[in-house]
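One structure below.
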Amino acid sequence: MENKAHAFWAGLFTVVLLAAISLAAFLFNVDRTVRVPYDLIARTNVTGLFADAAVRFRGLDVGRVQSIKFDPSHPGQILIRIMVDEHAPITHSTFGSLGLQGVTGIAFIQLDDTGRDLTPLRSSAQQVAQLPMRPGLFDQLQQRGDVLLRKLEKVTDNVNDMLSPEMVAQLHDMAASIEQAASGVAGLSRQISPVVGKLPATVDQLNRTLASTNQMITGLNRPDGPFETNMNKVGTAAQQAGDALAQLNVSLQDLSARVGYETLPRVDSLADDVRSAARSVDRAADTFSTNPRSVLFGAPRPAPGPGETGFTWPAAAPAAH
């Protein structure tokens, strides 16, 4: 009886423990988040997407996929029912796309927002709001596959043209020209080597020349330097010459004034005296030529005029017959 009682209590304890573990696991795993349904309208492939797949809004988990089915009212259109956290920022400009997790091929729903209309989009179980489903990366690649293939064919044709015999021959010629140019550059480098070897001495000499020039310019710029001293002497000589010219100008003006006010009047008086003497000489010459005796006996008296003693009237001229 004691063995049976012990086994009963051991079995009961095991059953209770399993029930408690199951209840705890259920309570911890129950999702108490309030979710709102939305329908994604897909017109592209949804390969790799399954029920209970993750729904992410810009990388953050906001819900799960509830169901995937065809739209009976629009053949070829797929309805994807997702349950999204009620606090997720779903707006009128929110859209969904298909994303892939690594290289496993498992897809999930990626929600994003263009930001054009930030008005919250309300949804409920009675009236489920719809969101557009845009093509994912692989869908875009499939849609542009023809264009990519044509471009790839064009690139392949260009590569074939580049690898044609004529192009290969041109590439060989180009390589030979480059080799000749490299040889020329090597020869030029060998020729330039002696000149390059002399460059340090030339640079040193140039530095010494520049230092001497700098020293000379510094000496010329000094206030007590030879350049400033000579320039001061030249300025002093020029100033003295200017003073001499000014004195000469004053002397010339004084001389001109004296000539104008003293010498010229005397010259005019002398000229008058010379003219009077010349007239007296002319009269004496006339007298000597007409009466030479006047030199010895003096000049004769002039004839008496009318009314004077000894005046006689001249005889009348005989009348003409």
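Every number in this text was worked out from the coordinates using simple rules, so none of it is lab data. Predicted, not measured: the structure shown is a model, and the values here were computed from it. Every residue, glycine as well, gets a Cβ built from its backbone with ideal geometry; the counts of neighbours run over all protein chains shown.
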Exercise for review: Check the straight Cα-Cα distances from Lys69 and name the aspartates and glutamates below 17 Å, setting aside those fewer than 8 residues away within the same chain.
Suggested key: Asp39, Asp52
Point to revise | Residue (of Val36, Ile78, Ser67) at the positive-pole extreme of the range 31-135, dipole from beta-carbon charges | key: Ile78
Review point. Peptides 265-271, 59-65, 34-40: what's the order by average Cβ count within 10 Å, highest mean first?
Key: 34-40, 59-65, 265-271
**Study point:** Tensor-based shape of the range 31-135 (alpha-carbon gyration tensor, a/c under 1.5 rounded, otherwise prolate or oblate)
**Key:** rounded
Exercise for review: Tabulate in residue order the Karplus-calculated ³J(HN,Hα) for the range 76-89, using 6.51 cos²θ - 1.76 cosθ + 1.60 with θ = phi - 60°, rounded to whole Hz; enter x for Gly and Pro.
Suggested key: x, 9, 10, 9, 10, 8, 10, 10, 10, 4, 5, 8, 5, x
Exercise for review: State the extension gain, in nm to one decimal, for the chain segment bounded by Val250 and Thr114, taking 0.36 nm per residue of separation less the distance between their alpha-carbons.
Suggested key: 38.9 nm
Practice item. Using packing as a proxy for protection, rank 183-193, 83-93 so that the peptide with the highest average count of other Cβ atoms within 10 Å comes first. Key: 83-93, 183-193
**Study point:** Amide H contacts of Thr91 (H built 1.01 Å from N, under 5 Å, at least 5 apart or other chain)
**Key:** Leu121
**Study point:** Potential lengthening between Thr236 and Ser73 on full extension [0.36 nm per residue; Cα-Cα distance subtracted]
**Key:** 47.1 nm
Practice item. Pull up all non-local amide H partners of Val62: gap of 5 or more, or a different chain, and H-to-H distance under 5 Å with H placed in the peptide plane. Key: Val55, Arg56, Phe57
